[in-house]
Amino acid sequence: MTSSNPPTGQPGVPVLEVRNISKSYGGAKALEGVSLALQAGHVHCLAGENGCGKSTLIKIISGAERPDGGEIFIDGKPHPFMTPSQAIKEGIQVIYQDFSLFPNLTVAENIVLTSVVAKRSKVFSAGKNRPAAERIVKELGLTLDLDKDVERLSVADKQLTAICRALVSEARVIIMDEPTTALTHSEVARLFGIVRKLQDRGVALVFVSHKLEEALQVSQDLTILRNGIHVVSGPTTGFDRRSLIKHMTGRAVNETRLITSPQLEERPVLSVRSLSVSGAFHDVSFDLHRGEILGITGLLGSGRSEIAESLFGVLPADSGTVEVEGKTVRVRSIDDAIRAGIGYVPEDRLTQGLFLEKSIADNIIAGSVDKHRRGPVLLDSKKVSSSIRRLFDQLRIKAPNVLAPVRSLSGGNAQRVVLAKWLANQPKVLMLNGPTVGVDVGSKEEILAVLREQAGNGMGVLVISDDVPELVTVCNRVLIVRQGSVIDILEGDGVNGTAIEELMAA
Amino acid sequence: MSETRTLPRASGLARFKGANNEGVLALVLVVLIIGMTIISPSFFSVGTFFAILRSSIVPLVFALAVLIVIISGGIDVSFAAIAIFAAYTAVKLTGSGNFDPGLIAIVLFACLIGALLGLVNGAVIARFRLSTLIVTLGTQGIFRGLLVAYIGSRYIADLPGSMSAVSTSNLISLEGGGANAYLHVLVVPVVLLCVLIALMLRRTMFGRGIYALGGDMEAARRAGFSVVRIQIALYVLAGVLAALAGVFHVILGRNANPQDLVGTELDIIAAVVLGGASIFGGRGSVLGTVLGVLLVQLINNSLILVGVPTAWQRTAVGVLLVIGVGIQAISAKRESKRVLVNDEVKE
Ligand SMILES: Nc1ncnc2c1ncn2[C@@H]1O[C@H](COP(=O)(O)OP(=O)(O)OP(=O)(O)O)[C@@H](O)[C@H]1O
Ligand SMILES: [Mg+2]
């Protein structure tokens, strides 16, 4: 038994171990002979590119999926597969990548319901269960509104609700599938504080994140998958960012700045003057030219996202003017913005705006039917299929073909479909909020290259992000927002990591 | 959260509206009553009130069955077929009134049949994961066919004594003064059923499981709910409720006709949807459903009173359904835009 254990540095029976797990979906192999051992009190990082099988492995451990082959050992006892209730009874809690919350129930009920199910209770009392929910929310130092329906929450609050739900019962194994995608730095720090407390209590944890620094910081053990195959396992101390990327992608990834200042037209494609939304930001002015990628950054709460939302008509401005190609436009609604040629990809990990049961192709084209017409009624099918093909290839969506339903995609790949949908619409100005959140480190580069190419073809691109390396790699200029005002605009060599970080936090 | 922004919230109004628009519905009801009273002053009387309650007895029990199915994210069109199958069979077994096993036995027997037919629905839906509409469309045809082919197609006029005794029992009888008003005794079990179903939905894990299923079936499975078991139990319960409604219908009509109740499905579904149950699943309440049924009955009654032909009443119910569903579709669209905003503007 010990011989097949990955070297995790601590002797003793693992709390949970999987051996030789295989799983395929209709011929496509998602996992092939993967093994993993979790030690009490350790955080085990599971890393790999989008679609390499991380979430699939997690779902097999939690009983949400059945493996085709392999075994699951809990305290040394073998099981051919798990069922969800069995896994919960064994003390396995999962924060799913798609959260798996009940949109129609309140935050409080979402947090406690799973543990009540596990108790095999026949009755449910909202009042009796509320203190448990309150306690965990307080312990995490959050201000979640317990009485709100989950469907009315922001993505971040949904994620926090999912975290609370996993932590509320006394679990022995807690698996976190990208738990931090929507969180702020301080929330991540608090989560890590809790993780350390859980470790002291002897809980075994699994942590998945495409933010490699986080993964390296929080974990003791590490396993890397590539295309459903186990690549390497070992203590985290034996890895650094570079070796991690190397193992994940099988190649070295270039993360340096490739931008030069392009020749810009005189007239900006988007010109914003003295834009204000009370309580969010004030007196924001800037120009965006064709072929340019402009970054907007700042801490969360600085107003960086609200600027984009205002331009997209979600948060109509109180004062100020917006010009697109020299023409003043009034943006009071999303429809106004789209008509003016402004597109917005919201920061979105829940594959929002996608039709999950429909194919990748349908989803890509769904937002831009008007751009692919031939005459008033007919679609130009040749143009449609060439657009789909081009975006599918460019964004390297990992799927057997364009007809696969979006539901069958991994989280990161569904995110790419959202991006493809907006690119297909070819707006004059495209604003993207966190365009590569949840995308693996290797593909980040490719997606950023796509943005550069789009800009090169004459689109004006706005990237809202707090990912400093990403901004440095892709942006010609970077707007720094602090407390609702633009405090600086970095250009040329001024766009570098230290400068951005200092200005943001200062 | 660090990023805080308070969006204006309609607090008082929102509370009045209720989780499923119950407040709005109650308001519409009141407005309609006032309007009718102005048009025809005789409308506003205890007699009318009791008559509307009486006409709501059967629809309300049906509506409870439909409600739990809709909350779970399904739709059931077989309930009327189950109802008449169960009630007619139960009456038929008494040999057209020659043999009277007692009311309780008849009701229990009908419920058993309803449970079995509901089990067929539930098993097929849970096992094969088919569309609930398609399955119940199919089974309702089958149930009706079996009833007429094997049980009987003849109209039974003489009910067993224990049943016909209930037919003529009133809870409240107000006589004299030219206007008599009777409140039928069957409102008692109906009120009881409403309370029970409301408690079941709110306070039991089975009830919460129904909501969970309607919210996200995969999430329910992952949370450890036994989706198959909940679905089967839920259709069995719907079958039992339908059977009860069938028995009540027979009692109120004082005869058992296997051709009855055909085509009443739409009225019921319309009432439930008007009552705030979401056609997408996951939402709905007994209170809203009661209001929805009362509204539909009130409208039907009013239309008769002002002399609108029956054919147009069907149209009116159709329009109501379109309005109810339309409101939901529009607010769902608005909600999805709102969520887009919400994505970053954290409240
Ligand atoms: N239900 C399904 N039907 C068909 N294929 C599926 C299904 N679920 C997952 N897959 C495929 O299995 C592979 C592994 O997906 P998985 O979700 O485990 O990836 P992941 O490592 O979690 O990626 P990400 O980092 O993007 O979340 C992918 O190629 C995906 O398309
Ligand atoms: Mg995943």
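Under 5 Å between amide hydrogens, which residues at least 5 positions from residue B:204 or on another chain qualify, with H placed 1.01 Å from N in the peptide plane?
So residue B:204 has HN proximity to A:124.
Calculate I(q)/I(0) for the stretch A:368-506 by the Debye formula, one identical point scatterer on each C-alpha and no solvent, and give its log10 at q = 0.10, 0.19 Å⁻¹ to two decimals.
Each listed q maps to, in turn, -0.41, -1.14.
In 10 Å bins starting at zero, report the fraction of Cα pairs in the stretch B:112-199 per bin as a rounded %.
Percent of pairs per bin, in order: 12, 23, 31, 22, 9, 2, 0.
Per DSSP H run of at least 4 residues, take -39500 (n - 2.57); add these up for chain A, divide by its residues and hand me the 222 nm value, nearest 500 deg cm²/dmol. The partial results should precede the final answer.
Working: 16 runs with 168 residues, N = 506.
Theoretical 222 nm ellipticity from helices: -10000 deg cm²/dmol.
Give the Cα extents of chain A along the principal axes, in whole Å, largest first.
The principal-axis extents, from largest down, are 70, 49, 49 Å.
Fully extended, how many nm does the chain gain between residue B:29 and residue B:306 (0.36 nm per residue separation, minus their Cα-Cα distance)? Could you put the intermediate results ahead of the total?
On the way: separation 277, 0.36 × 277 = 99.72 nm, distance 1.70 nm.
Extra length available between residue B:29 and residue B:306 comes to 98.0 nm.
For the protein assembly as shown, compute Rg over Rh where Rg is the Cα radius of gyration and Rh is the Kirkwood radius from the inverse mean 1/r over Cα pairs. Show your work: numbers first, answer last.
On the way: Rg = 30.9 Å, Rh = 30.1 Å.
Rg divided by Rh gives 1.03.
May I ask you to give the percent of accessible area on the stretch B:21-346 that is carbon plus sulfur, with a probe radius of 1.4 Å?
Values: 9660 of 13650 Å².
The C+S portion of the solvent-accessible surface of the stretch B:21-346 is 71 percent.
Quick one: which residues, 5+ away or cross-chain, put their amide H under 5 Å from the amide H of residue B:72? H built at 1.01 Å from N.
B:282
Principal axis extents for the stretch A:348-426, Cα atoms only, whole Å, descending order, please.
The Cα atoms of the stretch A:348-426 stretch 37, 21, 21 Å along their principal axes.
Connecting C-alpha atoms closer than 10 Å in a GNM of chain B, tell me which of B:84, B:71, B:104 has the biggest fluctuation.
So, out of B:84, B:71, B:104, the one fluctuating most is B:104.
Rounded to two decimals, what is the ratio between the C-alpha radius of gyration of the stretch B:21-346 and 2.2 N^0.38 Å? Could the numbers behind the result be given before it?
Values: Rg = 20.5 Å, N = 326, 2.2 N^0.38 = 19.8 Å.
The value comes to 1.03.
Would you mind getting the accessible area per residue of chain B, heavy atoms of the protein chains only, 1.4 Å probe, in Å²?
Numbers: 15300 Å² over 347 residues.
Here the per-residue accessible area is 44 Å².
Please give the FRET efficiency for residue B:266 paired with residue A:185, using the beta carbon to beta carbon distance and R0 = 51 Å, rounded to the nearest 0.05. Spell out each step's value before the answer.
Working: r = 55 Å, r/R0 = 1.08.
For residue B:266 and residue A:185, the calculated efficiency is 0.40.
Got a sec? Charge dipole of the protein assembly as shown, +1 on Cβ for Lys and Arg, -1 for Asp and Glu; which of A:244, B:121, A:193 is way out at the positive end?
Result: B:121, furthest along the dipole toward the positive end.
Can you give me the P(r) profile for the stretch A:101-170? Cα pairs, bins 5 angstrom wide beginning at 0, each as a whole percent.
Cα pair-distance distribution for the stretch A:101-170, in percent: 3, 19, 33, 26, 14, 4, 1.
FRET efficiency for residue A:170 and residue A:66, Cβ-Cβ distance as r, R0 = 30 Å, nearest 0.05?
Values: r = 27 Å, r/R0 = 0.89.
The calculated FRET efficiency here is 0.65.
My understanding is that a pair violates if its Cα-Cα distance is over 27 Å; which of A:327/A:383; A:54/A:122; A:119/A:358; A:211/A:246; A:54/A:148; A:398/A:421 do that in this structure? The partial results should precede the final answer.
Details: A:327/A:383 30 Å; A:54/A:122 35 Å; A:119/A:358 37 Å; A:211/A:246 15 Å; A:54/A:148 32 Å; A:398/A:421 16 Å.
Table pairs above 27 Å Cα-Cα are A:327/A:383; A:54/A:122; A:119/A:358; A:54/A:148.
Please give me the summed charge of the neighbours of residue A:453: other residues whose Cβ is under 14 Å from its Cβ, Lys and Arg +1, Asp and Glu -1.
So the surrounding residues net to 0.
Evaluate the Debye formula for the stretch A:1-110 with equal point scatterers sitting on the alpha carbons, no solvent, and hand back log10 of I(q)/I(0) at q = 0.10, 0.15, 0.16, 0.19 Å⁻¹, in q order, two decimals.
-0.31, -0.69, -0.78, -1.05
Picking from B:109, B:40, B:238, whose Cα lies most toward the positive end of the charge dipole for chain B (charges on Cβ: Lys, Arg +1; Asp, Glu -1)?
B:238
Testing the spin-label approximation: label points 7 Å from Cα along Cα→Cβ at residue B:254 and residue A:135. State their distance in nm.
For the pair residue B:254/residue A:135, the computed spacing is 6.3 nm.
Out of the chymotrypsin sites (Phe, Trp or Tyr not before Pro) in the stretch B:123-225, which ones are loop residues according to DSSP with at most 16 other C-beta atoms within 10 Å?
Values: sites: B:128, B:143, B:150, B:155, B:182, B:206, B:211, B:225; in loops: B:155, B:225.
Counting only loop positions with at most 16 other Cβ atoms within 10 Å, the chymotrypsin sites (Phe, Trp or Tyr not before Pro) in the stretch B:123-225 are B:155.
For the stretch A:354-371, what does the Karplus curve 6.51 cos²θ - 1.76 cosθ + 1.60, with θ = phi - 60°, yield as ³J(HN,Hα) per residue in whole Hz, taken in order and with x for Gly and Pro?
Using θ = phi - 60°, the values come out as 9, 8, 5, 7, 8, 6, 4, 4, 4, 5, 4, 8, 4, x, 9, 4, 4, 7 Hz.
Along the stretch A:43-53, what does the Karplus equation 6.51 cos²θ - 1.76 cosθ + 1.60 (θ = phi - 60°) give for ³J(HN,Hα), rounded to whole Hz, x for Gly and Pro?
Values per residue, Gly and Pro as x: 9, 9, 8, 10, 10, x, 5, 4, x, 7, x Hz.
Quick one: 3J(HN,Hα) in Hz for the stretch B:320-325, Karplus 6.51/-1.76/1.60 with θ = phi - 60°, rounded, Gly and Pro as x.
4, 4, 4, 4, x, 5
Mean separation of Cα pairs under 8 Å and 6+ residues apart, divided by the residue count of chain A: what relative contact order is that in percent? Walk me through the numbers before you get to the answer.
Values: 1026 pairs, mean separation 81.3, N = 506.
Value for chain A: 16 percent.
Cα axis of helix B:265-274 to longest principal axis of chain B: angle in degrees, 0 to 90, nearest 10?
Helix B:265-274 sits roughly 40 degrees off the main axis of chain B.
Under a point spin-label approximation (7 Å from Cα along Cα-to-Cβ), what is the residue A:240-residue A:489 distance to one decimal in nm?
3.8 nm
Pop a pseudo-label 7 angstrom from the Cα along the beta-carbon direction at both residue A:380 and residue B:204 and give the gap in nm to one decimal.
In this crude label model, residue A:380 to residue B:204 measures out at 6.1 nm.
The values are calculated or read from the model by the stated rules, or taken from the named source; none is laboratory data. Remember, it's a predicted structure, so these values are computed and weren't measured experimentally. FYI the Cβ positions are ideal-geometry reconstructions off the backbone, even for glycines, and counts take in every protein chain you see. Remember, those area values only see protein heavy atoms, side chains included, never the ligands or the DNA or RNA. Shrake-Rupley method; radii C 1.70, N 1.55, O 1.52, S 1.80 Å.
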